[in-house]
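Some notes on the structure that comes next.
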Amino acid sequence: MPLPRLRGSSYCHAGMTPQQIAEVRPRLLAFAGQMFGGLARKDQRAAGELYVRGLLTDGQRKSMQPMAARLGVDHQRLQQFITSSTWDYVAVRRNVARWFAASQPVEALVVDDTGFAKDGAASPCVARQYSGTLGKVGNCQIGVSVHLMNEHASCAADWRLFCPESWDDAKLEDPVAAAGAKRRRERAGIPGEVRHTEKWRLALEMIDEMTGAGGWGVLEQVTAAGGGRPVVVTDAGYGEGPAFRLGLAARGWRYVIAVKGTTSARPHDAVPAAWPYGGLGRPSVPRYRSAPVSLRQLAIASADQVQQVTWRQGTKATRANPAAAMTSWFLAIRARPASRRIPRAGDGSLPECWLLAEWPPGADEPTDYWLSDLPGDTPLAELVRLAKIRWRVEHDYRELKHGLGLGHFEGRSFTGWHRHVTLATVAQAFCTMLRLDPKAPAPG
């Protein structure tokens, strides 16, 4: 099977020129009609297309006033649409997600988050917190996202704005701090049900919204298009403990989740045992009689199973690598993650899954680890391909931030943030449609 390769430019760097906008405008109007077709009023649908056009148009800032100047309209029109107009951004996200699922194979639901650096303390849910985007603790907002994805295209389908504890008056014991948080929430218009919730719980909430009973019907769109149930993929921030994996398994989702090498586990052939029963008291319960080890230790003990795997072709060919092949060395062994929170079988055994580890040439030990509950006969190359499919999230964030103004929202409203992010997602979906059309030049 040929390795997947990207078509066209990898992301939209700054936007389209006015001439390019004019050329694609008929298609944009038709696409916006699909995405905003559920909005009640004609002026709302027109404002949605206008805002998306502003995000697509070339310019350093994609906040309302610079966009309005480039569009030749009063910025109050954009302001009113974002802050006070009555339209449902969730319905628009649903349209985007269903469009992508109907038009593209969905191999994975990828969970990630990104930071938005902010000055001051008035923006909703801004706080001093760690951001992988910043690479440090800084004053920022954190957006958690779930992306529909295959090797050739992706869609940042759903979003949640992470609410830190400092913005949840119900979590704060100090009455003064709680009163301050309550005032900030009221000014930002944060709904009462939005509270401090772990990012992995937000991810499960979004997956349920997109695919659960009474939700958006994305899974039905995927299967109707001939696809199987996608795999959930995340980085180690969501695999730190077993709770997210257990939540996925309870919902019937297979996963490939990055974890730390220090995660506790047992060898796949470890067997629980009970002490011989002497006839007095309760019989001994079967349990493991030795301490667990780390994933790192299990991987190092299986160093002889390391194999070279090429999982896709990139876009940067070199003299040493003219095919731009993405290649490294991996091993995949069966293991039993160990935690008191993981339910055991009747014989006391822990469930078995894949441990995938990347061990680059020249490294003294593996550098990255994943756990997966994909079937035991899954080929190594497929495990690697799905583990690495997260690269498209970085494509999404670059395109959304550098080209489509995802982080340029300057408003101080919770609803306004979600509306702006939703419209940036519509703009990215339109770029994806153009990029995948063999008759159209790729944007950017």
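Looking at T318, I300, A243, which one has the Cα that reaches farthest to the positive end of the dipole of the stretch 219-333 (charges on Cβ: Lys, Arg +1; Asp, Glu -1)?
Value computed over the given set: A243.
Calculate the translational D of the stretch 33-163 in whole µm² s⁻¹ from Stokes-Einstein, where the hydrodynamic radius comes from the Kirkwood formula applied to all Cα pairs, the temperature is 37 °C and the viscosity 0.692 mPa s.
Using the Kirkwood radius from Cα pairs, D works out to 196 µm²/s.
So how do R319, R160 rank on accessible area, 1.4 Å probe, biggest first, that is with the largest at the start?
Correct descending sequence by accessible area is R319, R160.
So what is the 222 nm mean residue ellipticity for the chain from helices alone, if each DSSP H run of at least 4 adds -39500 (n - 2.57) and you divide by all residues, rounding to the nearest 500 deg cm²/dmol?
Theoretical 222 nm ellipticity from helices: -10500 deg cm²/dmol.
Within the set of other residues whose C-beta is less than 14 Å from the C-beta of A357, count the net charge using Lys and Arg as +1 and Asp and Glu as -1.
Overall, the nearby charge balance is -1.
Hey, could you grab the Kirkwood Rh for the stretch 115-210? Inverse mean 1/r over distinct alpha carbon pairs, Å, one decimal.
Hydrodynamic radius (Kirkwood, Cα only) of the stretch 115-210 equals 14.5 Å.
Could you go through the stretch 132-149 in sequence order and give the Karplus-derived ³J(HN,Hα) for each residue, using 6.51 cos²θ - 1.76 cosθ + 1.60 with θ = phi - 60°, rounded to whole Hz, and x for Gly and Pro?
x, 4, 7, x, 6, 7, x, 7, 7, 9, 10, x, 9, 9, 10, 10, 7, 8
So what does E186 come to for accessible area, using a 1.4 Å probe and Å² rounded to 10?
Its accessible surface works out to 130 Å², give or take rounding.
For the chain, take every pair of Cα atoms, bin their distances at 20 Å starting from 0, and report each bin as a whole percent.
Reading the bins upward from 0: 23, 52, 22, 3, 0.
Size of the stretch 332-444 along its principal axes in angstrom, Cα-based, largest extent first?
Answer, in whole Å and largest first: 55, 37, 30 Å.
Just T318, T262, T432 to compare: in a GNM of the chain, with alpha carbon springs under 10 Å, which one fluctuates most?
Of T318, T262, T432, the Gaussian network model singles out T318 as fluctuating most.
Among the aspartates and glutamates, which fall within straight-line cross-link reach of K182, defined as a Cα-Cα distance under 18 Å, with same-chain neighbours fewer than 8 residues apart omitted?
Partners found: E165, D168, D169, E173, D174, E193.
Obtain the nm distance between the two label points defined at R344 and R187 by a simple spin-label model: each point lies 7 Å from its Cα along the Cα-to-C-beta direction.
Placing both labels 7 Å beyond Cα along the Cβ direction yields 5.3 nm.
Rolling a 1.4 angstrom probe over the protein chains, ignoring ligands and nucleic acids, what is the accessible area of S294 in square angstrom, nearest 10?
20 Å²
Of S145, S339, which has the most accessible area and how do the rest follow, probe 1.4 Å?
Descending accessible area places them as S339, S145.
Tell me the accessible surface of H152 in square angstrom (1.4 angstrom probe, heavy atoms of protein chains only), to the nearest ten.
90 Å²
How long is the gain from A303 to D174 if the chain were fully straight, where each residue apart is worth 0.36 nm and the alpha carbon distance is subtracted?
Computed gain between A303 and D174 is 41.2 nm.
Given just the C-alpha atoms of the stretch 164-247, how large is their convex hull per residue in cubic angstrom?
Enclosed volume per residue, from the Cα hull, is 131 Å³.
Please compare each pair in K42/K401; K171/K388; K42/K171; K118/K316; K199/K401 to a cut-off of 31 Å on the Cα-Cα distance and tell me which ones are over it.
Correct reply: K171/K388; K42/K171; K118/K316.
Simple spin-label model, 7 Å along Cα-to-Cβ: Q76 to E220 in nm?
Those two pseudo-labels are separated by 4.4 nm.
Excluding G48 itself, what net charge comes from residues whose Cβ is under 12 Å from its Cβ, given Lys and Arg +1 and Asp and Glu -1?
On the way: positive: R41, K42, R45, R53, R77, R419; negative: D43, E49, D88.
Local charge sum for G48: +3.
The values are calculated or read from the model by the stated rules, or taken from the named source; none is laboratory data. Because the structure is predicted, anything quoted here is derived from the model rather than measured. Backbone-built Cβ (ideal geometry, glycine too); neighbour counts: all protein chains shown. For the accessible areas, the whole protein counts, side chains as well, though only heavy atoms, and no ligand, DNA or RNA atoms are used. Shrake-Rupley method; radii C 1.70, N 1.55, O 1.52, S 1.80 Å.
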